[in-house]
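Below: the structure, in structure tokens.
The values are calculated or read from the model by the stated rules, or taken from the named source; none is laboratory data. Predicted model, so just to flag it, every value in this text is computed and none were measured. Every residue, glycine among them, receives a Cβ derived from its backbone with ideal geometry; neighbour counts consider all protein chains shown.
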Amino acid sequence: MKLLLAIWKWFDERSGIGAIVVPLASHLVPSGSRWWYVFGSATLFAFLVQVVTGIALATIYVPSTAHAYASLRYLSEVAPLGAWVRGMHYFGASAMIVFVGAHMTRVFLMASYKYPREVNWLSGVGLLALTLGMGFTGQLLRWDQNAVWSTVVGASQAARMPLLGPWLVRVVLSGATIGDATLSHFFVLHVFVLPLLIAGLVGLHLHLVLRNGISEPPSAGRPVDPASYRASYDAMLAREGVPFWPHAAWRDVTFGVLVVAGIAVLGLLIGAPALDRPPDPSLAQATPRPDWYLLWYFAVLALLPHAAEDYVMVLAPLLVGLLLLSPPFLSNRGERSMRRRPWAPLLVLFALTCIGVLWRAGARERWMPDFAALPLTTESVGERSGQLPAGAAVFNTKGCLYCHAVSGRGGTRGPDLTDVGRRLSRDQIVVRILNGGPNMPAYANNLAPQQLDTLVVFLESRSRP
Amino acid sequence: MSGIPERPAGSGGEAASGSRRRFLATLAVTLGALGAAIAAFPPLGLVLEPVFRRPRVAWRPVGRIGAFALGETVRVSFENSGVLPWDGVSARTGAWLRRVGEREFIAFSLNCTHLGCPVTWQPGANLFMCPCHGGVYDSDGKVAGGPPPRPLSRYAVRIRGDQVEIESERIPIG
């Protein structure tokens, strides 16, 4: 112990590290800062888990389109502890997204983005964007069938940009087609560029937390006035502040360790998402979908009115970005308490509801035709011979089944037709089949008269008993 | 915090020091920018070169004429243009090929014009259908329902000898 102390003294006298660290640890923070304030540091803890597990994964993962999938299979199925580390990396990413969201919500509700902490907020929005960028690029590195086609979907969205579209496609794919450069560029983004940017912005963010101090819990009737805020903040600290270490830090450490333990346990018990089938850009069997944190946006893209798509795909991400950046510019002074800003919790509730509803829609994917739907059986048809089974056969072979269910069999893309005989007249059924609808193809040139007749007879007979 | 002693302003300072300081500062900043540009240009060029490279055009064989039945639509796969030896599975892409005449073929893109997902040909229904958001195209590739904004793209097809060849240049999205 004595020796260690002597070594430290020798080192500190020459490096001056102590003179930097001690004031950081002992700086005063508002005494009322309680458990609400742990989400930011929890995000940082999760990020550190990502750094450590990411480095370990990179010792096995091969960033080449020829070998990436095989190396990931090896990592998940053979390498000792490989599946656990991959699971931790997945839940670490999930934790980062969850806690970035929680931290941002807390800061917004307490209006901590007001003077002098505007840049804290802006750098935080940058970190949110980088975190989502890490999530998306990380999912693509799996390079399974899902990832390959997700890359195509990403490029297709970029293609909607006016004028720049074709060029942006080449930026996303790093070339005119999907190839090795596509994957290695995503790898470089995920492993070098984005983490460096995150580290830099985290440095700025932490520096600002120290420079501007942790915002004191708001109370109604104590508005922020940029002219006097710093003086009154310092006076408050002198009156009732406590040293960060250990009076506030113990909460950050306790919560952070719980987060790390949670990541490890979930990574072990549940693990990373299973790999999809091997990648094959020439194979049409693929249903690309994002990981859970982007499922809500997946639903937006599916449920949009078709005419609005070009605008939404290009403008919505831009608009959401501007919206997130705007609070400190719209109001950097005045009341911070939720009691004087009742719209703030309402806005958070509204945003969470929107994301929640879209997320649920994204998880259910009711807009997807079900190509694996089981054909109707004699049981569900009701008769063994005559026009009904013939009509049901047309229903099966002409693809009606992929989108419409009858008695529990079939897709959910279009209306359930189990009792269509009650809802629609014969003429209405015929008109709809021949002309189609916004999401349904017209079958006028696609059905022989006899097929149409038997199909209509079959559908007319559908009425729930 | 840093223990570096600062020379008090003006001490040892000649009257001309103001302009000298400005000159030296400008020189250092300019040289620094130049150095950064020199170091950054070649690596940035290397990274961005694939973006600006003009796509190569290549005709890829997909099978003998006799292998395709008249009126049938089948999936064929072929090599992208400009592939590298280590592209692996990513070297290949696919198309829906239909023989419409003795020596006449149509090749439809796999990529839905909505968001690029792979469409599948449903021979019973006589339709191309997209699994992602339910885009539907009729047998000519015209939009029959759902979100796609444009008909399915087509590849150029030619016949060389008894081989059917597809023109491969870039991924047909956007």
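Please enumerate the residues belonging to segment A:365-392 that are free of Cβ contacts under 8 Å to residues at least 12 places away in the same chain and within 14 Å of chain B (Cβ to nearest Cβ). Answer for segment A:365-392, where residues must be free of Cβ contacts under 8 Å to residues at least 12 places away in the same chain and within 14 Å of chain B (Cβ to nearest Cβ): just A:Ala372.
The single condition among (1) crowded, with 19+ Cβ neighbours inside 10 Å; (2) within 14 Å of another protein chain (Cβ to nearest Cβ); (3) not in a loop (DSSP other than H, G, I, E, B) that A:Thr177 does not satisfy is (3). Per the conditions (1) at negative phi; (2) surrounded by fewer than 19 Cβ atoms within 10 Å (Cβ to Cβ), the sole criterion not satisfied by A:Gly386 is (1). Among the residues making up segment A:394-427, those that are among the hydrophobic types (A, V, I, L, M, F, W, C) and free of Cβ contacts under 8 Å to residues at least 60 places away in the same chain are A:Cys400, A:Leu401, A:Cys403, A:Ala405, A:Val406, A:Leu417, A:Val420, A:Leu424. Exactly one residue out of A:Gly40, A:Gly87, A:Gly32 is within 30 Å of A:Ser112 (Cβ to Cβ), in the same structural domain as A:Gly203 (by TED's automatic domain parsing) and in a helix (DSSP H, G or I): that is A:Gly40.
Restricting the search to segment A:155-174, which residues are in a helix (DSSP H, G or I) and either more than 9 Å from chain B (Cβ to nearest Cβ) or among the charged types (D, E, K, R) (or both)? The answer is A:Arg170, A:Val172. If you check A:Val188, A:Val152 for being buried (at least 21 other Cβ atoms within 10 Å of the Cβ), within 10 Å of another protein chain (Cβ to nearest Cβ) and aliphatic (A, V, I, L, M), only one passes: A:Val152.
Kindly evaluate A:Ile263 against the criterion of being closer than 30 Å to A:Glu77 by Cα, buried (at least 18 other Cβ atoms within 10 Å of the Cβ) and at pLDDT 95 or above. Criteria met by A:Ile263. Where helices (runs of 4 or more DSSP H) sit wholly within segment A:276-367, those with at least 3 residues that are aliphatic (A, V, I, L, M) occupy A:295-303, A:309-325, A:343-364. Of A:Val85, A:Val107, A:Val98, all but one fail to be of a type in the set (Val, Ile, Thr) and over 27 Å from A:Trp245 (Cα atoms); the exception is A:Val85.
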